[in-house]
Amino acid sequence: MKKVLIADGLQKNAVEQLKDLGIEVIERHFEQEELGEALKEFDAVVIRSASKINKAVLDKELGGKLKLIIRGGVGVDNIDVDYAVKNGIIVKNTPNASSVSVAELAIAHIFALARFINISNVTMRDGKWNKKKYVGTEITGKTLGVVGLGRIGRETAKRAAALGMKVIYFDFIGEIPGVSEYEYYKLDELLAKSDFISLHVPYDAKQGSLIGKEEFAKMKEGAYIINCARGKVVDEAALLEALNSGKVAGAGIDVFEQEPTQNLELVSHPKVSVTPHIGASTNEAQEKIGEEVVNIIKEFFNL
Ligand SMILES: NC(=O)c1ccc[n+]([C@@H]2O[C@H](COP(=O)([O-])OP(=O)(O)OC[C@H]3O[C@@H](n4cnc5c(N)ncnc54)[C@H](O)[C@@H]3O)[C@@H](O)[C@H]2O)c1
Ligand SMILES: O=C(O)CC[C@@H](O)C(=O)O
């Protein structure tokens, strides 16, 4: 009998389907220090972003049964993939399941910033009626610069274009063949041309933050930036500086350098719209993630 650990939660139907396949399913979150030892008795583990399967965890598991790590999500930056593979453990993710949900959240942050929805929700609770202060901007006709035109970037671009925005993009692979509806620009040019910038790239630890002091300096006065990718893609200190100087008019942030974030200066900034890393947290995305997880396990163990 195969034994699978669901360490950070999985949609109920998917758990039931795994049990129907004759799998022993344990739903339990382990503290980081206990995780490696615990993994020894499992054939597979399913995680979201809360559990980190790094070298230290994998070293404690060595000699155990683990053969498969599934990230119920896209980014595998919380797993030491190379080290896992070197030790005969396969790593899989569910790359398609949450693209629409994350794109919708990026668009939601654009609207929140453009029309002061974020800050109105705070000030009205204090009895304030800032009608004269909150003169917003229409997004129709504005330029959205999408950084990373992959699955989520494309879903975001599609929705922005349907709302009347002019979409341009940068992707480090260059101009993408077959993409004729959006113009390609180098990052520097995109930063200078965009009214709104939405980031949809993974975090590359070797490269460090993609958007820092120099990149903020290249943006239009009063640009808006949305980060639903990874916290470290943006240098938070540089972002705060840009918000305080007025260079950046607003930031929509779902992901943070440290999570849960303790950067209250950023989170409570009046020009910021925040969510606690909920890009993939919709019923639909979680259902699709559950389906993909079940399929991966079925295929991997020939069930
Ligand atoms: N907020 C959330 O809950 C949430 C949910 C899912 C994914 N994400 C994040 O979104 C990211 C994008 O997901 P996706 O499914 O669209 O991935 P994807 O692989 O389909 O697309 C990423 C695109 O970015 C490009 N790219 C990579 N590094 C780049 C760089 N440094 N500069 C420019 N372009 C670069 C790639 O060529 C690719 O086209 C994930 O890596 C993950 O970090 C966040
Ligand atoms: O598990 C989550 O909720 C985060 C998901 C997201 O960041 C991803 O990379 O898929």
- Task: Go through segment 213-266 and name the GluC sites (Glu not before Pro) that are in a DSSP coil and have 14 or fewer other Cβ atoms within 10 Å of their Cβ.
- Result: 221
- Message: What is the ratio of the Cα radius of gyration of segment 258-303 to 2.2 N^0.38 Å, with N the residue count, to two decimals?
- Response: 1.84
- Query: Between segment 217-287 and segment 144-159, how many Å separate their Cα centres?
  - Reply: 17 Å
- Amide H contacts under 5 Å for residue 223, placed H, 5+ residues apart: 249
- the chain: calculated mean residue ellipticity at 222 nm from DSSP helix runs of at least 4, using -39500 (n - 2.57): -10500 deg cm²/dmol
- Message: Treating segment 154-274 as a set of equal point scatterers at the Cα positions, no solvent, please give the Debye-formula log₁₀ I(q)/I(0) at q = 0.14, 0.19, 0.22 Å⁻¹.
- Response: -0.59, -1.08, -1.40
- Calc'd 3J(HN,Hα), segment 18-35, phi into Karplus 6.51 cos²θ - 1.76 cosθ + 1.60 (θ = phi - 60°), Hz, glycine/Pro = x, comes to 5, 5, 5, 7, x, 8, 7, 10, 10, 9, 7, 8, 9, 5, 3, 5, 8, 4
- Note on the structure: So, over other residues within a Cβ distance under 12 Å of residue 112, counting Lys, Arg +1 and Asp, Glu -1, the net charge is +1
- Note on the structure: The farthest towards the positive end of the charge dipole of the chain, of the residues 168, 148, 127, given +1 on Cβ of Lys and Arg and -1 on Cβ of Asp and Glu, is 127
- Message: Leaving out ligands, DNA and RNA, and with a 1.4 Å probe, what % of the accessible surface on the chain is carbon or sulfur?
- Response: 51 percent
- For residue 167, which sequence-distant residues (separation of 5 or more, or a different chain) have an amide H within less than 5 Å of its own amide H, given hydrogens modelled in the peptide plane? 144
- Task: With everything on Cα atoms, drop me the angle between helix 283-300 and the longest principal axis of the chain, reported from 0 to 90° to the nearest 10.
- Result: 30 degrees
- Give, as a single signed number, the net charge of other residues whose beta carbon lies under 10 Å from the beta carbon of residue 57, with Lys and Arg counted +1 and Asp and Glu -1. -3
- Task: Please report, in cubic angstrom per residue, the volume enclosed by the convex hull of the alpha-carbon atoms of segment 209-297.
- Result: 114 Å³
- Message: What Kirkwood Rh does the chain have if only Cα atoms enter the pairwise 1/r average? Answer in Å.
- Response: 20.7 Å
- Normalised by the residues of segment 82-184, what does the relative contact order come to in percent, with Cα pairs under 8 Å and at least six apart? 24 percent
- Query: To the nearest Å, what is the center-to-center distance of segment 179-196 and segment 1-43, using C-alpha atoms only?
  - Reply: 44 Å
- Query: Exactly which trypsin sites (Lys or Arg not before Pro) in segment 203-263 are in a DSSP loop and have at most 12 other Cβ atoms within 10 Å?
  - Reply: 206
- Could you give the accessible area per residue of the chain, probe 1.4 Å, as a whole number in Å²? 50 Å²
- By DSSP, what percent of the beta bridges with both residues in the chain are antiparallel, rounded to the nearest 5? 0 percent
- Item | Whole-Å semi-axes of the ellipsoid equivalent to segment 1-105 (Cα gyration tensor, √5λ, descending) | 21, 18, 12
- Message: Explain nothing, just compute: Karplus ³J(HN,Hα) = 6.51 cos²θ - 1.76 cosθ + 1.60, θ = phi - 60°, for every residue of segment 253-269 in order, whole Hz, x for Gly and Pro.
- Response: 10, 9, 10, 10, 4, 10, 10, x, 6, 10, 7, 5, 4, 6, 4, 9, 5
- Message: Tell me which trypsin sites (Lys or Arg not before Pro) from segment 109-149 have a DSSP coil assignment and no more than 16 other beta carbons within 10 Å of their own.
- Response: 115, 128, 131, 132, 133
- Item | Relative contact order [Cα under 8 Å, 6+ residues apart], the chain, whole percent | 16 percent
- Task: Using amide H atoms built 1.01 Å from N in the peptide plane, name the residues 5+ places from residue 2, or on other chains, whose amide H lies under 5 Å from its own.
- Result: 24
- Query: Which peptide among 72-82, 45-55 comes first, and what is the full order, when sorted by highest mean count of other Cβ atoms within 10 Å?
  - Reply: 45-55, 72-82
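The values are calculated or read from the model by the stated rules, or taken from the named source; none is laboratory data. Since we're looking at a predicted model, the values are computed, not measured. Glycine gets a Cβ as well: all are built from the backbone with ideal geometry, and neighbour counts include every protein chain shown. Accessible surface is based on the protein model in full, side chains and every heavy atom, while ligands, DNA and RNA are left aside. Shrake-Rupley method; radii C 1.70, N 1.55, O 1.52, S 1.80 Å.
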